[in-house]
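**Student:** Can you read through this structure? Questions will come right after.
The values are calculated or read from the model by the stated rules, or taken from the named source; none is laboratory data. All of these numbers come straight from a predicted model, not from anything done at the bench. All Cβ positions, even for glycine, are placed from backbone atoms using ideal geometry, and neighbour counts span all protein chains on display.
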Amino acid sequence: MKSFLIVGMGSFGHHLCRELAREKCEIMIVDRDSENLEDMLPYVVSAKVGDCTNPAVLKSFGVDEFDACFVCIGGDFQSSLEVTCSLKELGAKKVFSKADEDIQAKFLLRNGADEVIYPEKDVARRLAVSESSDSIFDCIEISDGYSIYEIEPMPKWVGSKMPLDFRAKYNLNILAIKKNGKVRPFSGLDYVFKKGEHLLVMGHIDDIRKVVTR
């Protein structure tokens with residue numbers, strides 16, 4: 001089970017927390033205002049009130065032990081920048097920082113952010129799914145529960161053609177193949193799966209989990 005730290009519990013922090021909880025992750029949340037934490041208590045293992053612009057506060061959380069840290073501070077870009085920088089200096093494995101404008105993203109990336117995110121609910125969903133599994137790299141939600149997922153082929157598929165009963169067996173539809181950043185349409189039953197490529201697959205998250213956890 002993966003663990004995450006969320007700093008700043010505004011609207012985006014709330015969305016992200018719920019989605020990570022749905023993926024059965026362990027979550028610690030932090031905010032200056034205790035009222036911003038109260039409705040999230042059922043979803044998390046720990047909730048702290050504190051000013052994370054103080055490096056000593058962040059250090060007390062053991063940030064290097066989390067799989068990733070999310071800086072979701074809204075309305076105070078200077079604080080977001082300071083927290084991002086401190087997290088990286090304290091050994092955070094991966095730092096995602098929220099930005100409202102492209103210019104903010106540039107400064108965040110220069111000061112320790114591994115990736116910059118924008119405050120959209122669908123982005124929160126994509127992060128929750130991809131970061132909770134080492135074999136899911138991205139997702140685009142189509143409707144509740146159904147999305148297009150970027151996944152690795154199962155090891156037993158590599159070197160083999162797609163079986164005739166693939167759709168019936170896995171309840172998934174392969175739409176395309178992605179390799180080295182390039183996407184091409186899936187050619188059908190004669191295609192031989194190759195190591196190092198990713199599949200763009202449409203299906204339900206429950207069926208995806210059955211494939212990536214085997």
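For every residue, the table says whether it meets (1) closer than 30 Å to G10 by Cβ; (2) of a type outside the set (K, R).
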site	(1), (2)
S147	yes, yes
R167	no, no
L172	no, yes
G181	no, yes
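**Student:** Looking at the stretch 1-66, what strands (runs of 3 or more DSSP E) fall wholly within it and have at least 1 residues that are outside the structural domain of I205 (by TED's automatic domain parsing), touching a residue at least 24 places away in the same chain (Cβ under 8 Å) and not hydroxyl-bearing (S, T, Y)?
**Tutor:** Answer list for the stretch 1-66: 3-7, 26-31.
Yes or no, residue by residue, for (1) in the same structural domain as R22 (by TED's automatic domain parsing); (2) at pLDDT below 85; (3) closer than 29 Å to L16 by Cα:
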{"position": "G145", "(1), (2), (3)": "no, yes, yes"}
{"position": "A168", "(1), (2), (3)": "no, no, no"}
{"position": "N173", "(1), (2), (3)": "no, no, yes"}
{"position": "I177", "(1), (2), (3)": "no, no, yes"}
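**Student:** Still on this model: Take the residues in the stretch 135-158 that are touching a residue at least 24 places away in the same chain (Cβ under 8 Å) and part of a loop (DSSP other than H, G, I, E, B); name whichever of them is surrounded by the fewest Cβ atoms within 10 Å (Cβ to Cβ).
**Tutor:** The selected residue is G145.
**Student:** Also: What do you reckon, is L200 closer than 29 Å to K24 by Cα, touching a strand residue (DSSP E or B) at 6+ places or on another chain (Cβ under 8 Å) and surrounded by 17 or more Cβ atoms within 10 Å (Cβ to Cβ)?
**Tutor:** Against the criterion (closer than 29 Å to K24 by Cα, touching a strand residue (DSSP E or B) at 6+ places or on another chain (Cβ under 8 Å) and surrounded by 17 or more Cβ atoms within 10 Å (Cβ to Cβ)), L200 qualifies.
**Student:** Restricting the search to the stretch 67-82, which residues are in a helix (DSSP H, G or I) and surrounded by fewer than 16 Cβ atoms within 10 Å (Cβ to Cβ)?
**Tutor:** Answer for the stretch 67-82, where residues must be in a helix (DSSP H, G or I) and surrounded by fewer than 16 Cβ atoms within 10 Å (Cβ to Cβ): just Q78.
**Student:** Cβ-Cβ distance below 6 Å, separation of 6 or more or different chains: which pairs start in the stretch 165-182 with a residue that is surrounded by fewer than 13 Cβ atoms within 10 Å (Cβ to Cβ) and end on one that is in a loop (DSSP other than H, G, I, E, B)?
**Tutor:** K179/E197
**Student:** If a residue must be touching a Leu at 6+ places or on another chain (Cβ under 8 Å) and aliphatic (A, V, I, L, M), how many such residues does the stretch 21-43 contain?
**Tutor:** Total meeting the criteria: 4.
**Student:** Further, regarding this structure: Would you be able to say whether some residue in the stretch 83-104 is touching an Asp or Glu at 6+ places or on another chain (Cβ under 7 Å), buried (at least 19 other Cβ atoms within 10 Å of the Cβ) and small (G, A, S)?
**Tutor:** Yes, the conditions are met somewhere in the stretch 83-104.
**Student:** Looking at the structure I just gave you, is G196 in contact with a Lys or Arg (Cβ under 8 Å, 6 or more places away or on another chain), modelled with pLDDT of 85 or more and of a type in the set (G, A, S)?
**Tutor:** Yes.
**Student:** If you go through the stretch 97-134, how many residues are over 23 Å from H198 (Cα atoms) and either in a helix (DSSP H, G or I) or out of contact with any helix residue (DSSP H, G or I) (no Cβ under 7 Å at 6 or more places or on another chain) (or both)?
**Tutor:** Qualifying residue count, the stretch 97-134: 14.
**Student:** Still on this structure: Going through the stretch 88-107 one residue at a time, which ones are at pLDDT below 95 and within 20 Å of the chain's Cα centre (by Cα)?
**Tutor:** K98, A99, D100, A105, listed by residue number.
**Student:** Among the residues of the stretch 1-57 satisfying the criterion of being small (G, A, S) and in contact with an Asp or Glu (Cβ under 7 Å, 6 or more places away or on another chain), which is nearest to E131 (Cα to Cα)?
**Tutor:** Result: S3.
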